[in-house]
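Colleague: I have a structure here, written as structure tokens, and I will follow up with some questions on it.
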Amino acid sequence: MPKLLQELWSSQVATRPDGIAVCWKDETIPFGELDRVSNQLAHTLRGHGCQFGDRVAVLIPNSANALLAILGILKAGCVAVPIDVTAPAAQVIELLHDCRPAMILAARFARTLLDELFCNDYLPFRVGTLEALPIEGEYFATEFTGLCILRESPDAPACGATTHAPALLFCRRGDLACGVNDPASLPVFKALVSAPHRPTVVSHAEVLAFLAARQRLRLTEFDRVAGLPLHSPLAVAEALASLAAGAELHILPPDLLGQPRQLTRFVRAHELTEWLTNHGSLSEVIQSSEIRDGDLPSLKHLLWSGRALSASVLHQLTQQLPLTQFARIAGTDAKFGGQFSVVTSLPEVERFLVAEPQPALLPV
């Protein structure tokens, strides 16, 4: 039984090093390469002064590099702090002040934001990048690049973390503000879903507990998975679940977010077997009428976080996607609590549909 998150995919590396771990646009990353590069990043962070328990911020849009950054930080024994780079600059800067990272791993996308940070800040923030070329702003320059990372040892460094050590820190609340009030589903287990407003640390043990409970919807090496952007606890946990099972993790390009038709076409084209989304995105997809009757035949599990859909909308989805099991993750007031609810059968949905008023989507 793994005691640290970075141990979750070690068996896949040992037995299937050439198996596909991550699909990103036209690239595929095998388990062996994912392991090697994340090890090299861990050595790079150590070599640039990051010590066990230090926080390392990730200012990278949703991509393979964002995932590599999180994995490398964990292997260095540090705490990964994924931050939504699409948030307002003032909010991102405030979050960086709150978490006081020892290092920022940034993409070129964040150059203007970092210039604003360094222009007005006396804190000793340091910056590195996984991109091949350095990022040079008016007030800062990167200490290392992706080419520097690839010169480091491919072997895993000694981590020093324990199962109750901090692993992740999240600074923004997700979209899980509502309680568990979904009549068309049954509570199954507690799940790791969102962080409170203040920066909150999640331990290796908490994420491992989520993954153990999540086995109700089991993944295998034959699955193809896509989830939410990697700056929420649930999204990171879903990515780790995919790696642990040996499934293919298909990372959504950022420009698909908020584009329901393109998002549905991505699910269809990649023949996903599990799709994790949120209430807002799922509502937009339904309203776009992009899903057809008998559509997405490979999709076994459709999970969404946040608010409940009406029973009539669930009824519509079960008719359009007859081979798919639906599950909702709804937040509670617990630190990382949430109810994972599975729609168990069509008759159950129809029973609640009888007593329901005119069908309507809940507001996003």
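Colleague: Only residues in the stretch 232-255 that are closer than 17 Å to residue 301 by Cβ and at pLDDT 90 or above count as the first member; pair them with residues that are surrounded by fewer than 22 Cβ atoms within 10 Å (Cβ to Cβ) and small (Gly, Ala, Ser), Cβ under 7 angstrom, at least 6 apart or cross-chain, and list the lot.
Modeller: The qualifying pairs are 246/19.
Colleague: Under 8 Å by Cβ, and 6 or more places apart or on different chains, what pairs join a residue from the stretch 36-57 that is of a type in the set (D, E, K, R) with one that is in a helix (DSSP H, G or I)?
Modeller: Correct list of pairs: 55/99.
Colleague: Which one of the conditions (1) surrounded by fewer than 20 Cβ atoms within 10 Å (Cβ to Cβ); (2) assigned to a loop (DSSP other than H, G, I, E, B); (3) at pLDDT below 90 does residue 133 fail to meet, given that it meets all the rest?
Modeller: (3)
Colleague: Oh, and also: When both residues are 6+ apart or on different chains and their Cβ atoms are under 9 Å apart, which pairs have a first residue that lies in the stretch 313-330 and is not assigned by TED's automatic domain parsing to the domain that holds residue 303, and a second that is surrounded by 20 or more Cβ atoms within 10 Å (Cβ to Cβ) and among the aromatic types (Phe, Trp, Tyr)?
Modeller: Final answer for the pair search is none.
Colleague: So is residue 320 surrounded by fewer than 21 Cβ atoms within 10 Å (Cβ to Cβ), of a type outside the set (Phe, Trp, Tyr) and in contact with a Gly (Cβ under 9 Å, 6 or more places away or on another chain) or not?
Modeller: yes
Colleague: Could you check, for the stretch 137-149, whether at least one of its residues is surrounded by 14 or more Cβ atoms within 10 Å (Cβ to Cβ), part of a loop (DSSP other than H, G, I, E, B), within 22 Å of the chain's Cα centre (by Cα) and not charged (D, E, K, R)?
Modeller: Within the stretch 137-149, none of the residues are surrounded by 14 or more Cβ atoms within 10 Å (Cβ to Cβ), part of a loop (DSSP other than H, G, I, E, B), within 22 Å of the chain's Cα centre (by Cα) and not charged (D, E, K, R).
Colleague: Still on this structure, I have one more. Just a yes or no: is a residue in the stretch 100-114 surrounded by 21 or more Cβ atoms within 10 Å (Cβ to Cβ), in contact (Cβ under 8 Å) with a residue 60 or more places away in the chain and part of a helix (DSSP H, G or I)?
Modeller: no
Colleague: So which of 92, 81 ends up being of a type in the set (A, V, I, L, M), touching a Phe, Trp or Tyr at 6+ places or on another chain (Cβ under 8 Å) and not assigned by TED's automatic domain parsing to the domain that holds residue 247?
Modeller: 81
Colleague: Now, a different point. Does the stretch 198-216 contain at least one residue that is assigned to a loop (DSSP other than H, G, I, E, B), in contact (Cβ under 8 Å) with a residue 40 or more places away in the chain and under 16 Å from residue 81 (Cβ atoms)?
Modeller: Yes, the stretch 198-216 contains a residue that is assigned to a loop (DSSP other than H, G, I, E, B), in contact (Cβ under 8 Å) with a residue 40 or more places away in the chain and under 16 Å from residue 81 (Cβ atoms).
Colleague: Which of the following residues is outside the structural domain of residue 245 (by TED's automatic domain parsing), over 28 Å from residue 211 (Cβ atoms) and modelled with pLDDT under 85: 363, 347? Show your work before the answer.
Modeller: Details: 347 fails: outside the structural domain of residue 245 (by TED's automatic domain parsing).
Of 363, 347, the one residue that is outside the structural domain of residue 245 (by TED's automatic domain parsing), over 28 Å from residue 211 (Cβ atoms) and modelled with pLDDT under 85 is 363.
Colleague: Does the stretch 256-289 hold any residues that are without any contact (Cβ under 8 Å) to a residue 24 or more places away in the chain and part of a loop (DSSP other than H, G, I, E, B), and which are they?
Modeller: Of everything in the stretch 256-289, those that are without any contact (Cβ under 8 Å) to a residue 24 or more places away in the chain and part of a loop (DSSP other than H, G, I, E, B) turn out to be 259, 289.
The values are calculated or read from the model by the stated rules, or taken from the named source; none is laboratory data. Quick caveat, the model's predicted, so the values are computed rather than measured. Neighbour counts are summed over all protein chains in view; Cβ atoms, including those assigned to glycine, are modelled from backbone coordinates with ideal geometry.
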